[in-house]
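Colleague: First the structure, which I've put down as structure tokens, then a few questions once you've had a look.
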């Protein structure tokens, strides 16, 4: 199990957990990062941050610090 | 019989086409206002079709009803009916994106818990169809237990069905509200504890909430949020209003629930998504739907390391090029109209205080406001196009990293960039930033970007005092370099200010950037037009009234208390002098008129003030005339040119390319014969204007956008101090070189 920011572009993984109970982690959950959901890492911005992912059919940009809260399992 | 007005609240996730729908349903007949103490805008449209008129209350787009800021709490309170003096809405209209059905149901699950009539507008049904998604709308409606109306807001499809459904719902629910059992997606255990907490809180009794002596029956939904959102806004609100005893009740309930159900944040999400899965049962056909290929293809190009950044730069250049290029004609037209109107009034009214008030005060003041309108309209046109097409989120994505070095986020980029045209639309554009600390930092820094009103000041002084030499083999002119350094001064100070703010008074956890990148679409021209119209209207009405008053005040200070009899005599003589009077004689009169005007200004309140502050501006290398110019330009920076013009006996009508003013500045002498202006003085004035807050409009828009006088006052004090110090350092170093 690794965190979302460690995936390489194009890689798909399954969300295991979102750590924390603060506003940011709640926002991630509302936007679809919930256990069992498939997430694909699409690309990172030209300067390396933020990252662009596909979750529940929508494209979401998030910074590396936020992505580190999402624990994923690569099948 | 006149029916009472029904109220419908409009909610939905961002990027669901909510504003398109709001615009389609209510058109331009929109009232705006503010909720007390917060910055969210109260936007109310009207649906006049039904027997009982319906008010549509637009709430900010949100992914959930879990308030994390005072603004979000107010939005929830509007829905639950906890806003003082406002009944809960008669119905809630929730817009959901048909292509992202499951995620949108998260918000729906919270809305249904409120136990108010809900109608779902299933928007973008056309996009879902073209993606091969087959949605069984009837089944969805049955599973949800509420009406679902498929619509395509941009194509105006399904809107009359939606209005019919709204009318039926508000009219049928007037008798029996809260009669049905609410949807309860969370475990029963949770609701049992929540109701117990509600009862315990209401026993807290005499705490004097909003003038009442007993605990008000706050909605059960807010109690639910207080339990679920650890450190959230509802908890803070409870603490403020009811003290530690309320928090103790909440904490006990949380401990109990965590023990039986697990981590509360996980529990909520899991159950809401499980509920969503149940609702989706049998709703979607076999096809999972194709992803939006155009969006992915465009993203590969537009967020590409090389091409993406080039496109971004080209886009920004285009926007500013258009602001400069297109606004010239309407701005000139406004200037011409202003002059024409002034001449017209002058022809009707003989010289005197009334004419001066109308021409110099009213027409000059209002014109000074309206002249910014083309820039605002053009900028908001581009903002709306970029946002509605989906590109704005990509721009934020591209520059977020760079902006984060200064403690800001990608969302601050465009407001700041806009401020180079004019800080007013820039401050207004900061609305797109959800995080209030980032938003306030952006608003505070925006006026440091050199706006187009500073350009005339720079041009005048550079033309007059910077030698027309070229450097590096004739490729670079010194004037261009000086001009560029004035822009750089503002940028550098702005960056340092933003960084300092985020380290001090706006310190806090780094605002997260978790941002949806919506699918690209053709911007809806109606949405674009409505945004432009609203931005212009807000600017003209709210800021305009106060700028108008400020202009009249400055006029009065420049006009009073002198005896203007001789000045008016001369004006009358000059105007009534036909061809019969020889030109040599009229020239004598106009020279005397200029001297007289200058004398009157020197003796006016403004002139006296100029002399009074002369000791303070002497270290900057300025004489009283420049001091007066700086004070008189409080309503707007470019006023200094007209003021200097008047002071130098030229009358008020000098613009920056007028050789007369440039010569007058060059010839200007101190009493001992030394020239007033030299390069250090010119630079000191320019630095002052680069950093000062001499723009009433910006300060008033800041007041409106932050809903508080604190920010504009702080901005004025800070910028004026910096401007003074900057000018002082520039002059003192300049004369020693």
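Colleague: Please report the antiparallel percentage of the DSSP beta bridges confined to chain B, to the nearest 5.
Modeller: 45
Colleague: Related question: Ordered by packing density, taken as the mean number of other Cβ atoms within 10 Å over each peptide's residues, highest first, how do B:588-601, B:690-703 rank? Before the final figure, lay out each step's value.
Modeller: Values: B:588-601: 16.9, B:690-703: 25.4.
Result, highest mean Cβ count within 10 Å first: B:690-703, B:588-601.
Colleague: In square nanometres, what is one fourth of the surface area of the convex hull spanned by the alpha carbons of segment B:54-199?
Modeller: Spelled out: convex hull of the Cα atoms, projected over all directions, averaged, 10.2 nm².
Colleague: Shifting gears a bit: Normalised by the residues of chain B, what does the relative contact order come to in percent, with Cα pairs under 8 Å and at least six apart?
Modeller: 10
Colleague: Have a look at the DSSP beta bridges in the protein assembly as shown and tell me what percent are antiparallel, nearest 5. Don't skip to the end; give the middle numbers.
Modeller: Details: 40 of 60 bridges.
Here the share of antiparallel DSSP bridges comes out near 65 percent.
Colleague: What's the FRET efficiency of residue B:718 with residue B:240 using the Cβ-Cβ distance as r and R₀ = 25 Å, to the nearest 0.05?
Modeller: Values: r = 30 Å, r/R0 = 1.19.
Efficiency computed from Cβ-Cβ geometry: 0.25.
Colleague: Output the relative contact order of chain A, whole-number percent, from Cα pairs under 8 angstrom with separation of 6+ residues.
Modeller: On the way: 147 pairs, mean separation 33.2, N = 75.
Averaging sequence separation for qualifying contacts and normalising by length gives 44 percent for chain A.
Colleague: Residue A:40 to residue B:313: FRET efficiency via 1/(1 + (r/R0)^6), r the Cβ-Cβ distance, R0 22 Å, to the nearest 0.05?
Modeller: It comes out at approximately 0.15.
Colleague: Hey, another quick one. On a 0 to 90° scale, report how tilted helix B:264-279 is relative to the longest principal axis of chain B, with both axes built from alpha carbons and the result rounded to the nearest 10.
Modeller: That helix lies at roughly 70 degrees to the long axis.
Colleague: While we're on this one: Just to be sure I understand: of the beta bridges DSSP finds with both ends in segment B:67-172, what percent are antiparallel, rounded to 5?
Modeller: 10
Colleague: Here's a follow-up. Give me the extension gain from residue B:336 to residue B:488: residue separation times 0.36 nm, minus the current Cα-Cα distance, reported in nm with one decimal.
Modeller: Length difference between fully extended and current span is 51.4 nm.
Colleague: Let me ask another. If one takes the longest principal axis of the Cα atoms in chain B, at what angle in degrees, from 0 to 90 and to the nearest 10, does the Cα axis of helix B:696-706 lie?
Modeller: On a 0 to 90 degree scale, this one is about 10.
Colleague: A further question on this structure: GNM, chain A, Cα, under 10 Å: largest mean-square fluctuation among A:13, A:61, A:45?
Modeller: Of A:13, A:61, A:45, the most mobile in the Gaussian network model is A:45.
Colleague: How many partner chain Cβ atoms sit within 10 Å of a residue's Cβ in peptide B:257-268, on average, as a whole number?
Modeller: The shielding value for this peptide is 2.
Colleague: What is the order of B:301, B:151, fewest Cβ neighbours within 10 Å to most?
Modeller: If I rank by nearby Cβ atoms, fewest first, I get B:301, B:151.
Colleague: Kindly put B:315, A:1 in sequence by how many other C-beta atoms sit within 10 Å of each C-beta, fewest to most.
Modeller: Lowest to highest Cβ neighbour count: A:1, B:315.
Colleague: Using a 10 Å cut-off around each Cβ, can you sort B:412, B:327 from fewest to most neighbouring Cβ atoms?
Modeller: Least crowded to most crowded, the residues run B:327, B:412.
Colleague: A further question follows. By how many nm would the segment from residue B:138 to residue B:584 lengthen if fully extended, with 0.36 nm per residue of separation less the alpha-carbon distance?
Modeller: The span from residue B:138 to residue B:584 would gain 151.5 nm if fully extended.
Colleague: How are the alpha carbon pair distances in the protein assembly as shown distributed across 10 Å bins from zero to the largest one, expressed in percent?
Modeller: P(r) over the protein assembly as shown, rounded to whole percents: 2, 12, 20, 22, 17, 12, 9, 5, 1, 0, 0.
Colleague: List the relative contact order of segment B:1-145 as a percent without decimals, with contacts defined as Cα pairs under 8 Å and 6+ residues apart.
Modeller: Answer for segment B:1-145 is 25 percent.
Values quoted throughout were computed directly from the atomic coordinates according to the rules given, and no laboratory measurement underlies them. What you see is a predicted model; the values in this text were computed from it and never measured. Using ideal geometry, Cβ is built from the backbone for each residue, glycine included, and neighbour counts are taken over all protein chains shown.
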